[in-house]
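What follows is one structure encoded as structure tokens, with my remarks underneath.
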Amino acid sequence: ELKEIVFIIQSQSNSFHSKRAEDLKRDILKQAADLGKELPTVLLIHQMDAHEGAWTILPLMRDFSITYGRNSSWIFFCEEDTRVQVVKLLETLGRFDGSKEWFLGKALHDEESTIIHHYAFAENPTVFKFPDFAAGWALSIPLVNKLAKKLKSEPLKSDFTIDLKHEIALYIWQKGEGPHLTPVPEFCTDDVNLNKVDHCATTFSNFLPLCGEPVKKEDVFVAVKTCQKFHGDRIPVVKQTWEREAALIEYYSDHADTSIPTIDLGIPNTDRGHCGKTFAILERFLNHSSPRTPWLVIVDDDTLISIFRLRKLLSCYNPNEPVFLGERYGYGLGTGGYSYITGGGGMVFSRIAVQKLLASKCRCYSMDAPDDMVLGMCFSGLGIPITHSPLFHQARPMDYPKDYLSHQIPVSFHKHWNIDPVKVYFTWLAPNTEESLNAKKVGYNREDL
């Protein structure tokens with residue numbers, strides 16, 4: 001029965017995202033009403049704000065178990081851009097015995113062991129499957145009850161939440177004692193507009209959001225963090241690749257080099273952290289850039305980014321709201337921690353977010369504190385939510401499953417380890433790859449990267 005499915009939309013509180021989640025909720029309820037069925041429960045994760053870490057899902061299992069453990073059969077999770085065919089989903093879940101422990105989804109696996117998964121299954125990373133959230137995924141209530149019980153006796157141990165889909169699958173797997181992910185072919189990430197999706201219970205509707213005209217080049221100020229030892233190898237890569245996409249760009253270093261040119265902020269370089277440098281950049285943006293420039297992007301000198309695509313993405317956000325956007329990680333979320341935007345993939349701030357941050361007295365506890373984590377802690381204290389976009393990436397293309405990247409038009413990647421960064425940029429991020437990605441006529445060999 002449809003009423004036995006609890007739909008959980010992995011929503012966010014930013015106005016653009018919450019509206020999309022509400023639209024999806026309305027669509028699911030309308031489909032249910034059109035069927036003449038009793039309406040299912042549809043919940044938005046960002047509204048469960050009793051938990052700062054609600055987006056990490058596992059802390060909610062006890063609530064789910066207590067509230068839905070008796071009268072429901074399935075908890076079905078999806079993203080705001082997942083499109084659900086309710087009749088097909090009912091048919092699909094109906095094939096599985098809901099009285100048993102099931103973990104269902106579209107299966108992803110790593111091609112090679114990767115730092116973002118702590119080199120898990122290094123011998124053969126392809127053996128471990130984890131769900132692509134964009135396709136939707138489901139837990140049977142007996143499994144939810146089991147997880148709730150386990151979480152009661154053994155609280156979550158991990159300090160960091162880095163790749164939620166992998167970490168949830170690992171937790172459910174319980175070193176081989178729990179269920180593996182069961183791949184479900186009806187959970188799809190094919191474009192909702194394609195003809196070949198008749199068999200799909202879910203599809204995916206968004207590769208790169210665009211809400212009207214892209215923001216103007218002059219509305220995005222780009223700050224590149226560098227230091228003298230990288231002027232010779234990393235900065236030339238930026239110059240050969242994405243610098244030309246930026247109208248306003250400055251390089252901040254511990255050494256003034258007129259050939260680049262770099263600006264010495266008077267902050268000595270630190271081996272890690274860079275909090276002092278980042279806060280000096282924020283102060284400079286507020287006090288020395290045009291007050292009409294609404295957006296600031298801070299990137300590392302080994303970040304590869306498409307400013308062209310970022311301008312499209314930013315058309316969906318209101319610069320009059322405090323926006324802090326990028327790839328979201330979590331720290332200590334089981335024990336009252338905070339979310340943060342991981343710096344390597346690029347951190348995007350609206351001017352008002354920078355104003356609110358600097359008006360507060362929240363600052364680095366040391367010059368070499370991790371800047372991205374301190375920013376997360378500060379914004380959390382101010383009640384300003386982190387806004388996550390999966391299009392920013394803290395690692396290289398080969399660190400992500402091909403199938404996962406296939407339903408994205410990425411905005412950034414990070415790191416130059418064991419890759420040709422110029423080639424990665426022109427393959428994945430350059431403006432002229434846009435049409436080929438859109439049309440899915442991918443005229444390059446991803447295996448080369």
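Some values worked out for this structure:
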{"item": "Verdict on N145 being among the polar types (S, T, N, Q) and either touching a Lys or Arg at 6+ places or on another chain (Cβ under 7 Å) or surrounded by fewer than 18 Cβ atoms within 10 Å (Cβ to Cβ) (or both)", "result": "no"}
{"item": "Check on S253, polar (S, T, N, Q), open to solvent by less than 10 Å² (accessible area, probe 1.4 Å) and assigned by the TED database to the domain that holds G344", "result": "yes"}
{"item": "Filter result for the condition that a residue is open to solvent by 10 Å² or more (accessible area, probe 1.4 Å), in the same structural domain as Q174 (by the TED database) and under 30 Å from M398 (Cα atoms), over R70, R95, R62, R83", "result": "R83"}
{"item": "Search result, residues across the stretch 158-200 that are surrounded by fewer than 17 Cβ atoms within 10 Å (Cβ to Cβ) and part of a strand (DSSP E or B)", "result": "F160, T182, P183"}
{"item": "Considering residues of the stretch 247-281 that are at pLDDT below 95 and among the aliphatic types (A, V, I, L, M) only, the residue nearest to L310 (Cα to Cα)", "result": "L265"}
{"item": "Answer from T270, T203 - the residue that is part of a strand (DSSP E or B) and either open to solvent by 70 Å² or more (accessible area, probe 1.4 Å) or touching a residue at least 60 places away in the same chain (Cβ under 8 Å) (or both)", "result": "T203"}
{"item": "Sole residue being farther than 23 Å from T427 by Cα and either open to solvent by 10 Å² or more (accessible area, probe 1.4 Å) or assigned by the TED database to the domain that holds I409 (or both), chosen from L310, L282", "result": "L282"}
{"item": "Subset of the stretch 208-221 that is among the hydrophobic types (A, V, I, L, M, F, W, C) and crowded, with 17+ Cβ neighbours inside 10 Å - its residue that is modelled with the lowest pLDDT", "result": "L208"}
{"item": "Qualifying position, being among the aliphatic types (A, V, I, L, M) and at positive phi, among I45, I57, I116, I141", "result": "I57"}
{"item": "Strands (runs of 3 or more DSSP E) within the stretch 8-88 that include 2 or more residues under 25 Å from G332 (Cα atoms) and at pLDDT 95 or above", "result": "41-44, 74-79"}
{"item": "Qualifying residues in the stretch 329-387 (those that are assigned to a strand (DSSP E or B) and under 18 Å from E283 (Cα atoms)) - the one most open to solvent (accessible area, probe 1.4 Å)", "result": "P370"}
{"item": "Of all residues making up the stretch 108-125, the number that are touching a strand residue (DSSP E or B) at 6+ places or on another chain (Cβ under 8 Å) and open to solvent by less than 30 Å² (accessible area, probe 1.4 Å)", "result": "1"}
{"item": "Any chance P155 is more than 30 Å from L89 (Cα to Cα), assigned to a loop (DSSP other than H, G, I, E, B), touching a Lys or Arg at 6+ places or on another chain (Cβ under 6 Å) and not small (G, A, S)", "result": "no"}
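Okay, residues lined up against (1) touching a Gly at 6+ places or on another chain (Cβ under 6 Å); (2) farther than 23 Å from S11 by Cβ; (3) modelled with pLDDT under 95:
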| residue | (1), (2), (3) |
| --- | --- |
| S350 | no, no, no |
| L357 | no, yes, no |
| P370 | yes, yes, no |
| M373 | no, yes, no |
| H388 | no, no, no |
| F392 | yes, no, no |
| M398 | no, yes, no |
| K415 | no, yes, no |
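The values are calculated or read from the model by the stated rules, or taken from the named source; none is laboratory data. Predicted model, so just to flag it, every value in this text is computed and none were measured. Every residue, glycine among them, receives a Cβ derived from its backbone with ideal geometry; neighbour counts consider all protein chains shown. Ligands, DNA and RNA are excluded from the accessible area calculation, which covers all protein heavy atoms including side chains. Shrake-Rupley method; radii C 1.70, N 1.55, O 1.52, S 1.80 Å.
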